[in-house]
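Chemist: Please see the structure below; I have some questions.
The values are calculated or read from the model by the stated rules, or taken from the named source; none is laboratory data. The structure presented is a predicted model; accordingly, all values stated were derived computationally and were not measured. Neighbour counts run over all protein chains shown; Cβ positions are idealised from the backbone, glycine included. Side chains are part of the model used for accessible areas, which takes the heavy atoms of the whole protein and leaves out ligands, DNA and RNA. Shrake-Rupley method; radii C 1.70, N 1.55, O 1.52, S 1.80 Å.
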Amino acid sequence: MIVILKQNSNKEQVENLINLLEQQGVTATGINGTHKNILGLVGDTSSIDIENIMAQDVVETVQRVQEPYKKCNRKFHPDDTIIDVCGKKVGGKQFQVIAGPCSVENEDQIIETAEAVKAAGATMLRGGAFKPRTSPYAFQGLHAEGIELLLKAKAATGLPIVTEIMSLEHLDLFADVDIIQVGARNMQNFELLKHLGKCDKPILLKRGLANTIEEWLMSAEYIMAGGNNNVMLCERGIRTFETKTRNTLDISAVPLLKQLSHLPVVVDPSHATGLTSLVEPLSLASVVCGADALIIEVHNCPSKALSDGAQSLTPKQFSDVMAKLKPQVEFIGKTIG
Ligand code: PEP
Ligand code: MN
């Protein structure tokens, strides 16, 4: 349920209203938007007497929120959420390009790739230290050492770093990571989500391989219910009957999420397609559809990559994508960076 407040309401009146509502067993959070100020109610609102709330001086109107996701619902927060990552904004008029290898493999590889993507205009660095691999015999990542190498690459380039967490027991290792990625395979690892809700780091929540948009938003809700509002949603393709591409990019999810939620939306055209040749057209499409950022796999030498070489761009290919992307981002009134 949301309570829309009158424009001229003062602080004391709003506090009194919050008390009145919280006495009825719900939590009320104030959200000041550009066009309206709102109180978002979470909890069992069934016993709230709407007539009584409407009768309060400060109240313009009351609306029930039918959807099961509340805090990430656009109705709760009409303005776009803008997440600050080391001074760079995800959401709003800024557009971020996260680039880097699938896995961190060694110091030369990550530093060389980080420098190359930075030179081409990337604004953040990705790299997996804990890798979710289908085969237990495949390269599993460098774990703690991988995170240390990412931090070295950050020190060398100034790029904020994004890396995936697979288990809660590793959370301490992520203390200096700028964005924690929850991978597709962990989108519904609810215990992990609950704990990430208790930290204040930005979370990149990837869509599960076969999850609906509503299930995905409910996972975002898990993180936000714990108090962490810094959640970005990453569309990375879903399982369909199609086999020509690794997954099928659900491009319609991008504008739809923008309607349903206020959270920033990121697109991963690399995992969505598995094909380097599709990264550029789908990156451009994502910009037009309203994405706030892209996450693209780039490797200094894709043919030698220990994971996802086939979908990783060379630094030159990435630089060509950036050259096409920049005017497209500017055309829709945003700026990269
Ligand atoms: C990744 O980003 O390296 C990754 C494993 O992605 P996903 O969880 O989307 O498969
Ligand atoms: Mn990968």
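Chemist: Go through segment 286-299 and report how many residues are crowded, with 17+ Cβ neighbours inside 10 Å, away from ligand 1 (no atom under 13 Å from the Cβ) and among the hydrophobic types (A, V, I, L, M, F, W, C).
Modeler: 4
Chemist: Would you mind finding the one in Phe174, Phe130 that is within 19 Å of Gly226 (Cα to Cα) and either open to solvent by 50 Å² or more (accessible area, probe 1.4 Å) or over 16 Å from the mean Cα position of the chain (by Cα) (or both)? Reasoning before the result, please.
Modeler: On the way: Phe130 fails: within 19 Å of Gly226 (Cα to Cα).
Result: Phe174 is the single residue among Phe174, Phe130 that is within 19 Å of Gly226 (Cα to Cα) and either open to solvent by 50 Å² or more (accessible area, probe 1.4 Å) or over 16 Å from the mean Cα position of the chain (by Cα) (or both).
Chemist: Of all residues in segment 89-114, count the ones that are part of a strand (DSSP E or B) and either within 18 Å of the chain's Cα centre (by Cα) or more than 16 Å from ligand 2 (Cβ to nearest atom) (or both). Steps first, answer last, please.
Modeler: If we filter segment 89-114 for residues that are part of a strand (DSSP E or B), which is where we start, we get 89-91, 94-100, 103.
From the residues that got through so far, the ones that are either within 18 Å of the chain's Cα centre (by Cα) or more than 16 Å from ligand 2 (Cβ to nearest atom) (or both) too are 89-91, 94-100.
Qualifying residue count for the region: 10.
Chemist: Now for a different question. Got a number for residues in segment 305-327 being over 20 Å from Glu235 (Cα atoms), within 12 Å of ligand 2 (Cβ to nearest atom) and open to solvent by 60 Å² or more (accessible area, probe 1.4 Å)?
Modeler: Count: 1.
Chemist: For segment 226-249, which residues satisfy the criterion of being closer than 19 Å to Leu282 by Cα, touching a residue at least 40 places away in the same chain (Cβ under 8 Å) and open to solvent by 30 Å² or more (accessible area, probe 1.4 Å)?
Modeler: Passing the criteria: only Arg246.
Chemist: Hey, among Pro269, Pro281, Pro255, Pro302, which residue is in contact with a helix residue (DSSP H, G or I) (Cβ under 6 Å, 6 or more places away or on another chain) and open to solvent by 20 Å² or more (accessible area, probe 1.4 Å)?
Modeler: Numbers: Pro269 fails: open to solvent by 20 Å² or more (accessible area, probe 1.4 Å); Pro281 fails: in contact with a helix residue (DSSP H, G or I) (Cβ under 6 Å, 6 or more places away or on another chain); Pro255 fails: in contact with a helix residue (DSSP H, G or I) (Cβ under 6 Å, 6 or more places away or on another chain).
Sole residue among the options that is in contact with a helix residue (DSSP H, G or I) (Cβ under 6 Å, 6 or more places away or on another chain) and open to solvent by 20 Å² or more (accessible area, probe 1.4 Å): Pro302.
Chemist: A follow-up question, please. Go through (1) more than 15 Å from ligand 2 (Cβ to nearest atom); (2) not in a helix (DSSP H, G or I) one by one and return the number of the condition Cys234 breaks.
Modeler: (1)
Chemist: Quick one: how many residues across segment 131-155 are farther than 18 Å from Val85 by Cβ and away from ligand 2 (no atom under 12 Å from the Cβ)? Quick ask: steps written out before the conclusion?
Modeler: Narrowing segment 131-155 to residues farther than 18 Å from Val85 by Cβ: 131-146, 148-149, 152.
Pick out the ones that are also away from ligand 2 (no atom under 12 Å from the Cβ) and you get 135-137, 140, 142-146, 148-149, 152.
Looking only at that region, the number is 12.
Chemist: Give me a count of the residues in segment 105-162 that are of a type in the set (Gly, Ala, Ser) and in contact with an Asp or Glu (Cβ under 6 Å, 6 or more places away or on another chain).
Modeler: Step one: of segment 105-162, the residues of a type in the set (Gly, Ala, Ser) are 114, 116, 119-122, 127-129, 135, 138, 141, 144, 146, 153, 155-156, 158.
Those left that are additionally in contact with an Asp or Glu (Cβ under 6 Å, 6 or more places away or on another chain): 128.
Within segment 105-162, residues that are of a type in the set (Gly, Ala, Ser) and in contact with an Asp or Glu (Cβ under 6 Å, 6 or more places away or on another chain) number 1.
Chemist: Moving to a separate point now. With the structure loaded, tell me whether Asp84 is closer than 30 Å to Lys36 by Cα and either in a helix (DSSP H, G or I) or open to solvent by 20 Å² or more (accessible area, probe 1.4 Å) (or both) or whether it fails that test.
Modeler: The answer is yes for Asp84.
Chemist: Could we say that Val117 is touching a Leu at 6+ places or on another chain (Cβ under 9 Å), touching a residue at least 60 places away in the same chain (Cβ under 8 Å), away from ligand 1 (no atom under 14 Å from the Cβ) and part of a helix (DSSP H, G or I) here?
Modeler: Working: touching a Leu at 6+ places or on another chain (Cβ under 9 Å): yes; touching a residue at least 60 places away in the same chain (Cβ under 8 Å): yes; away from ligand 1 (no atom under 14 Å from the Cβ): yes; part of a helix (DSSP H, G or I): yes.
Yes.
Chemist: Determine the pairs where a residue that is within 10 Å of ligand 1 (Cβ to nearest atom), located within segment 123-142, has a partner that is basic (Lys, Arg) with Cβ atoms under 7 Å apart, the partner being 6 or more residues away or on another chain.
Modeler: Pro132/Arg185; Gly141/Lys131
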